[in-house]
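Undergrad: Below you will find the structure I want to go over with you.
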Amino acid sequence: MSIKKILIVDDSPTERYFLTDILVKNGFSVSTAENGEEAIAKIKADKPHLILMDVVMPGQNGFQVTRAISRDPETQDVPIIICTSKNQETDRIWGLRQGARDYVVKPVDPQELLTKIAALG
């Protein structure tokens with residue numbers, strides 16, 4: 001399946017804008033959510049091909065939301081790339097254990113992100 005529709009989940013408007021800009025310029029269709037609850041509602045309403053998930057957010061954190069998505073039979077086939085400022089190896093391992101397919105540390109390098117998306121497509 002080629003990846004066209006991407007959901008960005010991040011509580012920072014600046015980060016959402018930055019990621020949206022990179023993705024739209026590269027031909028992706030992008031929707032955004034500010035928190036985990038909004039993300040889960042959007043995924044169920046219009047399933048994306050990929051989710052870029054921040055970790056530090058109000059309410060449920062990105063690890064919890066990733067776990068919920070990857071354990072739900074309706075949404076478990078949607079790959080998740082965690083996109084966070086948490087750059088410890090333990091965070092990366094924990095994120096992958098929650099069901100994420102990849103892990104990118106902020107500030108996001110556009111080329112690295114596009115390469116990781118291409119690898120999943």
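Undergrad: Taking the condition of being under 14 Å from the mean Cα position of the chain (by Cα) and without any contact (Cβ under 8 Å) to a residue 60 or more places away in the chain, how many residues in the stretch 106-117 meet it?
TA: Matching residues across the stretch 106-117 total 1.
Undergrad: Taking the stretch 4-34 on its own, how many of its residues are under 16 Å from THR84 (Cα atoms) and crowded, with 19+ Cβ neighbours inside 10 Å?
TA: Step one: filter the stretch 4-34 for residues under 16 Å from THR84 (Cα atoms), giving 7-20, 32-34.
So of that shortlist, the ones also crowded, with 19+ Cβ neighbours inside 10 Å come out as 7-10, 15-16, 19, 32-33.
Number of matching residues: 9.
Undergrad: Buried (at least 17 other Cβ atoms within 10 Å of the Cβ) and at pLDDT 95 or above, is that true of LYS47? Write out each step before concluding.
TA: Working: buried (at least 17 other Cβ atoms within 10 Å of the Cβ): no; at pLDDT 95 or above: yes.
So LYS47 does not fit the description; no.
Undergrad: I've got another one for you. Is there a residue being of a type outside the set (Gly, Ala, Ser), under 16 Å from GLY121 (Cβ atoms), out of contact with any Lys or Arg (no Cβ under 7 Å at 6 or more places or on another chain) and surrounded by 13 or more Cβ atoms within 10 Å (Cβ to Cβ) anywhere in the stretch 69-83?
TA: Start the filter on the stretch 69-83 by keeping residues that are of a type outside the set (Gly, Ala, Ser), which leaves 69, 71-83.
Checking which are under 16 Å from GLY121 (Cβ atoms) leaves us with 77-81.
Checking the rest, the ones that are also out of contact with any Lys or Arg (no Cβ under 7 Å at 6 or more places or on another chain) come to 77.
Narrowing the set further to residues that are surrounded by 13 or more Cβ atoms within 10 Å (Cβ to Cβ) leaves none.
The answer is no, given that none of the residues of the stretch 69-83 is of a type outside the set (Gly, Ala, Ser), under 16 Å from GLY121 (Cβ atoms), out of contact with any Lys or Arg (no Cβ under 7 Å at 6 or more places or on another chain) and surrounded by 13 or more Cβ atoms within 10 Å (Cβ to Cβ).
Undergrad: Would you check which residues across the stretch 68-80 are over 26 Å from ASP109 (Cβ atoms) and either in a helix (DSSP H, G or I) or charged (D, E, K, R) (or both) and list them? If you could, list the steps in order and put the result at the bottom.
TA: Just the residues of the stretch 68-80 that are over 26 Å from ASP109 (Cβ atoms), to begin with: 68, 71-77.
ALA68, ARG71, ASP72, GLU74, ASP77 - these are the residues of the stretch 68-80 that are over 26 Å from ASP109 (Cβ atoms) and either in a helix (DSSP H, G or I) or charged (D, E, K, R) (or both).
Undergrad: Taking the residues in the stretch 81-99 that are of a type in the set (Lys, Arg) and either in contact with a strand residue (DSSP E or B) (Cβ under 9 Å, 6 or more places away or on another chain) or part of a strand (DSSP E or B) (or both) as candidates, determine which candidate is modelled with the highest pLDDT.
TA: Let us first name the residues in the stretch 81-99 that are of a type in the set (Lys, Arg), namely 86, 92, 97.
Subset that is either in contact with a strand residue (DSSP E or B) (Cβ under 9 Å, 6 or more places away or on another chain) or part of a strand (DSSP E or B) (or both): 86, 92.
On the way: LYS86: 94, ARG92: 97.
Once the filter is applied, the top-ranked residue is ARG92.
Undergrad: Okay, moving on. Quickly run through the stretch 100-121 and pick out the residues that are crowded, with 16+ Cβ neighbours inside 10 Å and not in a helix (DSSP H, G or I).
TA: Of everything in the stretch 100-121, those that are crowded, with 16+ Cβ neighbours inside 10 Å and not in a helix (DSSP H, G or I) turn out to be ALA100, ARG101, ASP102, TYR103, VAL104, VAL105, LYS106, VAL108.
Quick grid of which residues meet (1) out of contact with any Ser or Thr (no Cβ under 9 Å at 6 or more places or on another chain); (2) in contact (Cβ under 8 Å) with a residue 60 or more places away in the chain; (3) at positive phi; (4) not in a strand (DSSP E or B):
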| position | (1), (2), (3), (4) |
| --- | --- |
| ILE6 | no, yes, no, no |
| LEU19 | no, yes, no, yes |
| PRO58 | yes, no, no, yes |
| VAL65 | yes, no, no, yes |
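Undergrad: May I pose another question? Could you tell me whether any residue of the stretch 51-67 is hydroxyl-bearing (Ser, Thr, Tyr), surrounded by fewer than 22 Cβ atoms within 10 Å (Cβ to Cβ), within 13 Å of the chain's Cα centre (by Cα) and modelled with pLDDT of 95 or more? It would help to see each step written out before you state the result.
TA: Initially, the stretch 51-67 is screened for residues hydroxyl-bearing (Ser, Thr, Tyr), giving 66.
Those still in the list that are surrounded by fewer than 22 Cβ atoms within 10 Å (Cβ to Cβ) too: none.
Within the stretch 51-67 (the criterion being hydroxyl-bearing (Ser, Thr, Tyr), surrounded by fewer than 22 Cβ atoms within 10 Å (Cβ to Cβ), within 13 Å of the chain's Cα centre (by Cα) and modelled with pLDDT of 95 or more), the answer is no, since none of the residues qualifies.
Undergrad: Here is a follow-up. Limited to the stretch 20-61, what total is found for residues that are of a type outside the set (A, V, I, L, M, F, W, C) and farther than 21 Å from PRO110 by Cβ?
TA: Quick first cut of the stretch 20-61, residues of a type outside the set (A, V, I, L, M, F, W, C) only: 20-21, 25-27, 29, 31-32, 34-38, 42, 44, 46-49, 54, 58-61.
Still in the running and farther than 21 Å from PRO110 by Cβ: 34-38, 42, 44, 46-47, 58-61.
Adding up the residues that qualify gives 13.
Undergrad: Which of the residues belonging to the stretch 46-65 are out of contact with any Cys (no Cβ under 7 Å at 6 or more places or on another chain) and closer than 15 Å to ILE6 by Cβ?
TA: ASP46, LYS47, PRO48, HIS49, LEU50, ILE51
The values are calculated or read from the model by the stated rules, or taken from the named source; none is laboratory data. Everything numeric in this text was worked out from a predicted model, so none of it was measured. In this analysis, Cβ positions are derived from the backbone assuming ideal geometry, glycine residues included, and neighbour counts consider all displayed protein chains.
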